[in-house]
1. For the stretch 82-92, take each phi angle, set θ = phi - 60°, evaluate the Karplus expression 6.51 cos²θ - 1.76 cosθ + 1.60, and give the result in whole Hz per residue in order, putting x for glycine and proline.
2. Place a +1 charge on the Cβ of each Lys and Arg in the stretch 225-320 and a -1 charge on the Cβ of each Asp and Glu, then give the dipole magnitude about the Cα centre in debye, rounded to the nearest 20.
3. Ignoring ligands, DNA and RNA, what percent of the 1.4 Å accessible area of the chain is carbon and sulfur?
4. Can you list the HN-Hα couplings for the stretch 153-167, worked out from phi with the Karplus curve (6.51, -1.76, 1.60; θ = phi - 60°), rounded to whole Hz and with x for Gly and Pro?
5. At 1.4 Å probe radius, can you tell me the per residue accessible area of the chain in Å²?
6. Taking the Cα centroid of the stretch 136-175 and of the stretch 247-318, what is the distance between the two, rounded to the nearest whole Å?
7. Based solely on its DSSP helices, what 222 nm [θ] is calculated for the chain when runs of n ≥ 4 H residues each add -39,500 (n - 2.57) and the sum is averaged over all residues, nearest 500 deg cm²/dmol?
8. Looking at the chain as a GNM with Cα springs under 10 Å, which of ILE112, ILE294, ILE152 has the largest mean-square fluctuation?
Amino acid sequence: MLIDELKLHIKAGRGGNGVVRWRHEKGRDMAGPGGGNGGKGSDVLVEAFRDISLLASYKHLKEIAGEDGQSGMRNGMHGRDGEDLIIKLPVGTILTNLETEEKFSLEKEGQIIKILHGGKKGLGNEVFKSSVNVSPQESTEGKLGEEADFLIELELIADAGLIGLPNAGKTSLLNSLTNARHKVGDYPFTTLEPNLGALYGYVLADIPGLIEDSAKGKGLGIKFLKHIKRTKILLHCVSLENPDVIKAYKTIRKELKGYKDDLVNKDEYIILTKTDLVDENALKSTIKNLKAEIPSINIFTSSILDENALNKLKTTIMELLKKRAN
């Protein structure tokens, strides 16, 4: 099961303490101060990886802590800095510091962001030596690193999102377009988490089926509506199994608007799926009725049983995405 939201308490490392020590040299038992500084506490960084399952690695954790800096040592030797803690997260993750409300967004693979600073090092007594203080007895402790509770949310970043009612043929179409091998069933809600596929370098996301009042939490609810926010275009799959194709289309549009107004402003294209279930005259009539109801919409047809139609659709989607990228 896809984990796309969790809370974690994250701590940067504490700085190591400075120490009071004295140098011991041949013939000079007390050769002056020699207490070294502590090491700096580890910073906390997040790094983006193209793996949407990464959040599952942290689902049983309540806290992640960075390494503390080492205390100073004798003969002026400094303690080792704490090794930076790097948390691996999926591309598309948004982290919110629940104390400061600062947000961090991982939008491309390999991106690294520092979210917490490690504690400053403590100073040893060697630092405090001066012409008027030749035998300093003072040192300072390392400082605590930053810590906070974080809300970690995954919002998929995809070039195109396949949306539609349950059992609209989205997963089958994704598999056919991208050679993915996601589970397909002949009953609603087969897809319980977003599926991804690659079409010549472009990422397509199959968003689990939405139903009426999804924006209010019904069915799979807003859990997956949020994954549509970052897609560049919407491929709205409408199955010709529906007795009322226009109603099916408007149901999803209503839920998009109910969740977030600007979702309905995304570039959208209707793909009529399962065209093999109707004859040519019925298909033409459906397209005519849709265009009369929604004049500005672009309509494509798809049947996973028709290789020529699939290749044509692949080319069309590629052209749409290239145009959108430019």
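The values are calculated or read from the model by the stated rules, or taken from the named source; none is laboratory data. In this text the structure is predicted, and so the values were computed from the model without any measurement. Here the Cβ positions follow ideal geometry from the backbone for every residue, glycine too, while neighbour counts run over all protein chains shown. When the accessible area is computed, the model is the full protein with side chains, heavy atoms only, and any ligands, DNA or RNA have been set aside. Shrake-Rupley method; radii C 1.70, N 1.55, O 1.52, S 1.80 Å.
1. x, 5, 4, 8, 10, 9, 8, 9, x, 4, x
2. 540 debye
3. 48 percent
4. 10, 9, 10, 4, 9, 9, 6, 9, x, 8, 10, x, 5, x, 6
5. Computed with neighbouring chains in place, this is 52 Å² per residue.
6. When both Cα centres are located, 31 Å separates them.
7. -6000 deg cm²/dmol, from helical runs alone.
8. For the chain, modelled as a Gaussian network with Cα springs under 10 Å, the answer is ILE294.
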